[in-house]
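Working notes for the structure below.
Read-outs: derived from the displayed coordinates by stated rules, not from any lab. Note that the coordinates shown come from a computational prediction; the quantities given were computed from them, not determined experimentally. Virtual Cβ from ideal backbone geometry, glycine too; neighbours counted across all protein chains shown.
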Amino acid sequence: RNPKILLLDEATSALDAESERIVQKALDKAAKGRTTIIIAHRLSTIRHADKIIAMKHGEIVEMGNHASLMLTKGLYHDLVMAQTFSDSVDLAGDGDDDEEEPVPLPEVVARRMSISAEARTNAAYSRQTSQVHDPFRNARNRAMSNVSIKSIQSRISIADMEAEMDPAGLRQRTMTAGVMTVVEPVEKSVKQDEMARLKQELKDEGIDPVSLGKILASSRTDWPRQVIGFLFVLLLGCVTPAYSVIFTQIIDVFTKDDETMLKQGRFYSLLFLILAFMQGSCVLGEVYFLGSGGERLTMRLRSRLFRNIISHEIAYFDTPKHATGKICTRLSTDVPQIRTAVDYRIGTVASTFISILMGVIIAFLFGWQMALVTLAVFPIFALGLVMRHRVLTGKGKLSAKEIEESGKVAMEAIENIRTVQALTREELFYEKFCNSLDKVVQYSVRQAVIQGASYGFASCSLFVMLAIATRIGIIFIQDDIMTPIKVLRVMYAISLTTNTLGLATSYIPEYMKAKLAGGIVFNMLDDEPKIDNLTQEGKRATLNGNITFKNVRFCYPERPQIKVLQGLNLEIKRGQTVALVGASGCGKSTTIQLIERFYDADSGHVMLDDNDIRDLNPHHTRSQIALVSQEPTLFDCSIRENIIYGIEENVEQERVERAAKLANVHDFIASLPYGYDTNVGERGTQLSGGQKQRIAIARALVRNPKILLLDEATSALDTESEKMVQEALDQAREGRTCLVIAHRLSSIVNSDVIAVVQKGVIVEKG
């Protein structure tokens, strides 16, 4: 693009030291010869800027270059000093070093400090809008950030700014030409062919459709409702045949004299009223008893499936087939489809076939000759139904694919509207969206012709059948084989009952989808977790806080070729604060995953006190461990509810406030109009990053954990917020075992033990 103005907003904030140095060199080269504005927390990235502007509360406080501002000893000086060790002078120096020289370690790992309030707001917005809504993402964190150095060297440019991958490497997002593409399939279009989707998913997973018997077995607790419902279905199936007999009889009544016609007319009118009442009552009974049974089945299956899902280990959610969108589809779409095999729709199909059977019996009773003729021409009507059914089941297979494509284009443009506008790509996305819709329109026009022809043939086929039957019936009447009334009874008995076949065939695809969806759902229900989070088994030991890694080897199940831990040995004694440092992807955060038992080690042992973690009850063990991660997850409820979230016993307000004071957040909460009853908004959007982090720390402390795990707890904060959070963390780790993962060395300098991790093993410790 060769722009005249280059804007860099935290371009290196998510990188480790080595990656940051390489990217920074590329950015420095890119900035030459053009106006450049840099927003940064990490002040080492802007020390060579021609002009540095320090802002506070939306106003410019001071302005100048690095050397002059350091001499002024104002806001910028304070921010710089907050990012350095007491004896580190590189960042605080005169700034005359050659920019090609290696950047000293303290400077590189000094994390992002805010120069402006706007930078903090934009960073928070960016985190919120770019998150894939995965409730397990924060648990996995960034154990394998996997930022490729060679990739950065070869690809860094103005239009290609970032790439990131989660621990298991499953949800990859790339920013190319400013457009984010979510590789993970999130949610299928509601208009796509569900039958095709279900068939494809069963094929991909190697699953067979579930049998009707298994579905009925799952609803056996509702058998009284089903029995009553099918009694109504049986009665409903007799209504149409009875109507055909009464209707043809009333025609015969019209040929009688006035007195007889009036007398018999009253009688048959009463029969019509009885049939009407019977029809209404049977439909009501069928829908209520079978429908309520189907809903109860849906509720039970949803509950069982959700419980099964949350009982699984984190590795279960790393697989593409268990992506968040697919799991939500299972709960919201697939489970409700199973009920169509037992609810009123299957009752409608059953009543239709009962009607046809009764109609055929009546036809043979009143004239077997005419019945045979009518059934002989019935295939004409059946052919029309088959054609209509094929069009119905085939509709949408292509259009769904094209509609999904237009949805992708719209999602890319809307989710990344700021980038689209910044790159002036509005017209490009508009054209792409219109082109994708043109394909849908062309396909829909072709489908309209096919559908019209099939529906037209299905509609006229009944009358063609009646025309042929009528002509032959007249011959039977002329030859005195049958009377006119008997001919009409046979014709109406078959035509009226078979006419309901169209409604029944429309429900057959629903029944097939129920079997397909049932295959997927029951397969998930039969899938036993490797780490059962809801099990009652295992020791319920009270932890003292000793942690030991004995020759631990581990790789993420979805990436077995990448060995994350390769014989890790580490001992953490009760009450110690141990910090792990190292480049991204070396296995630091993986240790936290293993302590929380989100995963099990491939070999070796993770010991808590003298117990192998595999022998302990997961739920009881985690209740004694607290985790504070880089991006805390708050729920859409009050501050108090967030702090005590997940604690089973009643928590007194005094205990909540004590935890908040330790987390250095009580004064802030007390200053709010509603205090601890203040709602934090969805994902804590009503609070700043520092406020959310301190509330997350209070949530950890109120549990009085024996082990405290801190994974980059201050890395995303500005100077002021980081200082307050760090003070809270220093208080929080007193008297308990604490494991700290950090890039910012200033946050771990006071740790009892600092261990350097490289390629899954500890290379030095002290």
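Quick notes
- Listed by Cβ neighbour count within 10 Å, with the fewest neighbours leading, HIS666, HIS619, HIS743, HIS41 appear as HIS619, HIS666, HIS743, HIS41.
- Net charge of neighbours whose Cβ lies under 12 Å from the Cβ of VAL420, counting Lys and Arg as +1 and Asp and Glu as -1: -1
- Once the C-beta distance of ILE5 and GLU205 is scaled by a Förster radius of 60 Å, the resulting FRET efficiency is 0.75 to the nearest 0.05.
- The lysines within cross-link reach of LYS214, meaning a Cα-to-Cα straight distance under 22 Å and a gap of 8 or more places when in the same chain, are LYS199, LYS203, LYS513, LYS515.
- Computed over neighbours whose Cβ is under 15 Å from that of ARG307, the net charge equals -1, Lys and Arg +1, Asp and Glu -1.
- Here the label points at GLN731 and SER638, each 7 Å from Cα along the C-beta direction, are separated by 2.2 nm in the simple model.
- Centre separation in Å (Cα based) which lies between region 587-649 and region 37-56: 38 Å
- Spin-label model distance (nm) - LEU372 vs VAL227, 7 Å beyond Cα toward Cβ: 4.3 nm
- Karplus-derived 3J(HN,Hα) values for region 267-276, using 6.51 cos²θ - 1.76 cosθ + 1.60 with θ = phi - 60°, are 5, 6, 4, 5, 5, 4, 5, 5, 4, 4 Hz; glycine and proline are entered as x.
- Length gained when the stretch THR255-ARG553 is fully extended (0.36 nm per residue, less Cα-Cα span): 97.8 nm
- Full-extension gain in nm, ARG540 to VAL386, via 0.36 nm per residue minus C-alpha separation: 49.2 nm
- Hz values of 3J(HN,Hα) by residue in region 422-438 - Karplus curve (6.51, -1.76, 1.60), Gly and Pro given as x: 5, 9, 6, 9, 4, 5, 4, 5, 4, 5, 4, 5, 5, 4, 5, 6, 4
- The trypsin sites (Lys or Arg not before Pro) of region 567-645 meeting both criteria, a DSSP state outside H, G, I, E and B (loop) and at most 16 other C-beta atoms within 10 angstrom of the site's C-beta, are LYS573, ARG574.
- Our coupling estimate for region 247-261, obtained by passing each phi through the Karplus curve with A = 6.51, B = -1.76, C = 1.60 and θ = phi - 60°, is 5, 5, 5, 5, 5, 5, 5, 5, 8, 7, 6, 4, 5, 5, 4 Hz, Gly and Pro reported as x.
- Potential lengthening between SER671 and LEU270 on full extension [0.36 nm per residue; Cα-Cα distance subtracted]: 136.7 nm
- Under 13 Å, Cβ to Cβ, from ASP600 - net charge with Lys/Arg +1 and Asp/Glu -1: -2
- Förster-model FRET efficiency, 35 Å R0, GLU431 and ARG300, C-beta, rounded to 0.05: 0.10
- Sorting SER589, SER444 from the fewest to the most surrounding beta carbons within 10 angstrom yields SER444, SER589.
- Point-to-point label distance, GLU528-ILE647, nm (Cα→Cβ direction, 7 Å offset): 3.7 nm
- Sorted by Cβ density within 10 Å, fewest first, the residues THR260, THR36, THR737: THR260, THR36, THR737
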